[in-house]
Every structure is written in C-alpha cells, then in structure tokens.
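Following: one structure in structure tokens, then a few remarks.
The values are calculated or read from the model by the stated rules, or taken from the named source; none is laboratory data. Computed from a prediction, not measured in an experiment: that's the story for all the values here. No Cβ is skipped: glycine too gets one built from the backbone with ideal geometry, and neighbour counts run over all protein chains shown.
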Amino acid sequence: MLSQIQNICILGDGGWGTTLAILLHQKGFTVTLWSAFRDYAFFLDKNRVNPKFLPGVRIPKKIIITSDINKAVEKTQVVVLAIPSKYMRLVLRTLKREVAIEEIHKKIFVSVAKGIEIASCKRMSEVVKEELGNVKLAVLSGPTIVKEVSQNLPTSVVIASEDKKLRFLLQDIFMSERFRVYTSDDVIGVELGGALKNIIAISCGIADGLGMGTNAKAALVCRGLVEIARLGVCLGAKRETFSGISGLGDLITTCFSPYSRNRFVGEQIGQNKTLRQILKNMQMVAEGVPTVKAVVSLAKQKNVEMPITKQVYNILYKGVSPVKAVRKLMLRAKKEE
C-alpha cells in the first residue's frame, strides 16, 4: 500500500508543520503545505523561508504552498494535522465546508497536535472523529524539538493507531535514518503524554526562573510523570506508555531543552513577567498554557490528584505567586512515594 501513497498534505504552517513538510519531501513524497493566512502563504511561496516559526531553514521549491484548503487536500492520500489544539475544530469545520465528506473519508489523517480542547476536555483524535466521522486516523507524538528535527539530528517518535495496518503504513512513510518511528496501539496514552508534559514543562521553567536548581527540577519531572500517568490510566491509557518515548521521553525533552516553548513560558513567569506580556511577544503557541485549563477540569471530574498541575493553573490564571505555589507543594501532607 505504501506505493499508493504519493501526495501528502500538511495542514498548518507552524514550525512543526513546516519541518514535517520538509522531512516528507526529502523522502520523495509530493508535499503540499497549507497556511490559514493567504498573505503569509504567498510570502512563504515567494521567499521559501518561514521566519515566524522556523527561521533559517530553507523550504524546498518543490513543496507546494497554498492557503486554499480544497487545493491542498485535493489529490492527497495523507493529511497531517499540524494545527494548534485551540484551532483544530475550526480548521476541521473549514475542511468539511470546502471538501465533500466522501472525499474526506478516502484519506488518512495524522494528528501531530499536543493539546486538549478547553471547552470539551477532548483529545485531538476525539475532536477529529467528532467532526469528520470514522476516518482512518493516527497520532504522532514524541520528543520533537523542531530546531533539532529541522537540522536532521536523530529523533524518535511514536505513531499510535487502533488500526495495526495503518500504523505500520505510517511508520514506513515517516521513518528515515534520522527520524525513527515506533508504533503503538495506545492512542489515549500517546496523546495524553504529548499534551500533559507541556504543563509540567511550565512548572520546570518556573523553577528555572526562580533559580531553584536541579534537585527541584528533577522532583518536578518525576512527580509530574506520576500525575500524567495517574490521569492517563484513569482515562483508559496504558501505564507503560508513559515510561516510553511519547511519555517520559517527551517530558524530559520539553522540561530541559532551551528551545522548549512551554519551559520558556514558565521561566519568564519565574522571572516576574506576566502571562499576558509573555504571550504577546511569542509567535509560536505554548500548548501547555490553554491545556492546563482542560486538565484541571478533567482531574476534578475524575477525582484525580494532580498537585503540580493545579499549582501551574493557579499561577497562570489565579494570580498565585510562584514562591507561594512552591511552598504549598513542599508542605503538602506527608506520604509514601
């Protein structure tokens, strides 16, 4: 079936979408990159650089760039959804409005978004199924700092799908000698690992901004992983998924990398910047900022204890000072690990 896949569309012109477009082009596929903004699509097509989201990286001339979503998906067999979680439903509804549902159902969809919808508390695969119906669907996640992937530095990810043949097909499509792809049937675990680690990365950034040292940061990573797995298992994920590439691997990368957007947000908070100030000066989306709202709501619904997540929420949205939040975490009731 791999020989039947020739055309791939990336919906989303952010750093990750652009990087995946280049990666798949290098593998020999005909790739179309879709931008939601007509003027920016024209700029990308003319200049072949993406200064907002992937500065310094050339976009090959053979990659087709368009803001016409119908044209973007028209001849493609695979559609990669590289859309920030808060815009995913809107883009899917635009797709439904512009493309016949019969054509949509012929395509394979791959979500690479790492977030949870605030209003519904749903994962991106759930949003896709809700909007498009029972399409062929997989998710791709893992420790993927865009700057490193775009420089062809070794990276490993996970493709998850309930359909065994589909995940093996997508493994072949994405895998290269610099981009190793594992497979999993745990869609819930892979998605939650990618979304929830952003919240813990914000907490680690706050620790960096406060100058709290490596000991504190290690504790946040370890106890943060416990929180992630606790909620994940409650929602139907496999516990072991959170110890793998899309769980612990992604968590470590996002908490420690100087290129991590979520860690950066936390660091700025720790240095007494307001969330409004930070986001105003950021081009790229830090998914943990909106996702923490949904996760706090989910944790409350499911009666799952997530103290680090709760304090990140309190700092971002309730005006609690980072120092006070740390004190609350340190003085929680004594317990076994």
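Before moving on, here are some points about what is shown:
- Qualifying residue in the stretch 198-207 (condition: of a type outside the set (Ser, Thr, Tyr), out of contact with any strand residue (DSSP E or B) (no Cβ under 9 Å at 6 or more places or on another chain), part of a helix (DSSP H, G or I) and over 22 Å from VAL323 (Cβ atoms)): yes
- Test for ILE159: is it closer than 22 Å to ILE315 by Cα, of a type in the set (A, V, I, L, M, F, W, C) and crowded, with 24+ Cβ neighbours inside 10 Å: no
Yes/no per residue for (1) among the hydrophobic types (A, V, I, L, M, F, W, C); (2) part of a helix (DSSP H, G or I); (3) surrounded by fewer than 14 Cβ atoms within 10 Å (Cβ to Cβ):
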{"position": "ASP45", "(1), (2), (3)": "no, yes, no"}
{"position": "GLY56", "(1), (2), (3)": "no, no, yes"}
{"position": "LYS62", "(1), (2), (3)": "no, no, yes"}
{"position": "ILE65", "(1), (2), (3)": "yes, no, no"}
{"position": "LYS71", "(1), (2), (3)": "no, yes, no"}
{"position": "THR76", "(1), (2), (3)": "no, no, no"}
{"position": "LYS86", "(1), (2), (3)": "no, yes, no"}
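- Selection status of SER184, buried (at least 18 other Cβ atoms within 10 Å of the Cβ) and more than 26 Å from LYS273 (Cβ to Cβ): yes
- For the stretch 153-166, the set of residues classified as assigned to a loop (DSSP other than H, G, I, E, B) and among the polar types (S, T, N, Q) consists of SER161 only.
Conditions (1) closer than 18 Å to ARG180 by Cα; (2) in contact with a Cys (Cβ under 8 Å, 6 or more places away or on another chain); (3) in contact (Cβ under 8 Å) with a residue 24 or more places away in the chain; (4) not assigned by TED's automatic domain parsing to the domain that holds ASN215, marked per residue:
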site: GLY244; (1), (2), (3), (4): yes, no, yes, no
site: ASP250; (1), (2), (3), (4): yes, no, yes, no
site: ASN262; (1), (2), (3), (4): no, no, yes, no
site: LEU275; (1), (2), (3), (4): no, no, yes, no
site: ILE278; (1), (2), (3), (4): no, no, no, no
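- Elements of type helices (runs of 4 or more DSSP H) in the stretch 277-337, at least 3 residues being basic (Lys, Arg) and either touching an Asp or Glu at 6+ places or on another chain (Cβ under 7 Å) or under 18 Å from LEU210 (Cα atoms) (or both): 322-330
- Taking each residue of the stretch 167-179 that is assigned to a helix (DSSP H, G or I) and modelled with pLDDT of 95 or more and looking for partners that are buried (at least 20 other Cβ atoms within 10 Å of the Cβ) and polar (S, T, N, Q) with beta-carbon atoms closer than 9 Å, six or more apart or interchain, yields ARG167/SER161; ARG167/SER184; LEU170/SER161.
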